[in-house]
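Worksheet for the structure shown next.
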Amino acid sequence: MEERKEIRLPETEEGTVLFNVPFPKDLQDLRRMAPIIIKHHYEIDYIHSYAQDSPFFAGLANKKLLGTRCQRCNYTYAAPRLHCMECGEGCDWVELPQEGRIHTFTVCYYGSEEFLKETPFILALIEFEEVNTLFLTRVVGLDPERASLDWIGMRVKAKFRRLSKFKPTDVYFVPIQK
Ligand SMILES: [Zn+2]
């Protein structure tokens with residue numbers, strides 16, 4: 001027996017373009033109207049200012065990891081901060097060490113659209129000596145499928161994308177080879 005294949009054109013999303021719809025004389029009939037569903041292309045260019053955080057991204061483009069330090073109480077943040085969370089005084093920019101330790105981590109099996117294709121990946125909080133807060137970043141070079149508590153405390157170092165995208169992902173951390 002010869003196999004019978006159904007012959008048909010491929011389906012596409014395009015169909016009839018609707019220019020008008022019938023409209024009833026009696027408005028009561030509108031209650032029975034089916035919903036109108038349209039296809040509408042949506043795309044935007046988003047212009048966003050980094051404002052006072054700009055030096056942090058300029059640092060990444062120059063292979064420097066910048067944090068901030070309170071002018072009064074010396075509390076040191078592994079993040080851009082205009083004012084101290086502890087005492088409210090202004091902060092100065094400081095260069096953070098490029099070596100630290102994994103304080104904690106998680107393996108991401110799901111992510112936003114931008115990162116979905118990169119899952120699973122490891123997101124970690126890095127601790128630095130003489131810095132009071134942790135730095136959230138990607139750790140590359142460990143197998144996410146073999147996550148282990150042995151990773152806690154592991155020494156890691158910063159790596160920077162050669163072509164900066166001026167995004168927080170311009171920096172990531174890798175284990176320091178012994
Ligand atoms: Zn302070």
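Tabulated data for the structure shown
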| read-out | value |
| --- | --- |
| Carbon/sulfur fraction of accessible area - the stretch 112-178, other protein chains in place, 1.4 Å, % | 51 percent |
| Fully extended contour minus Cα-Cα distance, from Ser164 to Cys108, at 0.36 nm per residue | 17.8 nm |
| Exposure ranking of His48, His41, His103 by accessible area [1.4 Å probe, largest first] | His41, His48, His103 |
| For Ser164, solvent-accessible area (1.4 Å; no DNA, RNA or ligand), Å² | 30 Å² |
| Modelled label reach - Cys73, point 7 Å along Cα→Cβ, the stretch 84-102 residues with backbone N closer than 18 Å | 84-93 |
| Partner lysines for Lys117 [C-alpha distance under 29 Å; skip if fewer than 8 residues away on the same chain] | Lys39, Lys63, Lys64, Lys157, Lys159, Lys165, Lys167 |
| Spin-label pair Leu149/Thr119, simplified geometry with 7 Å Cα→Cβ offset, distance in nm | 2.6 nm |
| Within a Gaussian network of the chain (alpha carbon springs, distance under 10 Å), most fluctuating of Leu60, Leu149, Leu123 | Leu149 |
| Accessible area expressed per residue, the chain, with surrounding protein chains retained (probe 1.4 Å, Å²) | 81 Å² |
| Pairwise label distance in nanometres, Glu43 with Gln177, each label 7 Å out on the Cα-Cβ vector | 4.2 nm |
| Candidates Asp150, Asp45, Asp92, ranked by Gaussian network fluctuation over the chain, Cα under 10 Å, top entry | Asp45 |
| R0 of 35 Å, Cβ-Cβ distance Val140-Cys87: FRET efficiency to nearest 0.05 | 0.45 |
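The values are calculated or read from the model by the stated rules, or taken from the named source; none is laboratory data. Just so it is clear, the model here is predicted, and its values are computed rather than measured. Neighbour counts are summed over all protein chains in view; Cβ atoms, including those assigned to glycine, are modelled from backbone coordinates with ideal geometry. The accessibility values were calculated without ligands, DNA or RNA, using every heavy atom of the protein model including side chains. Shrake-Rupley method; radii C 1.70, N 1.55, O 1.52, S 1.80 Å.
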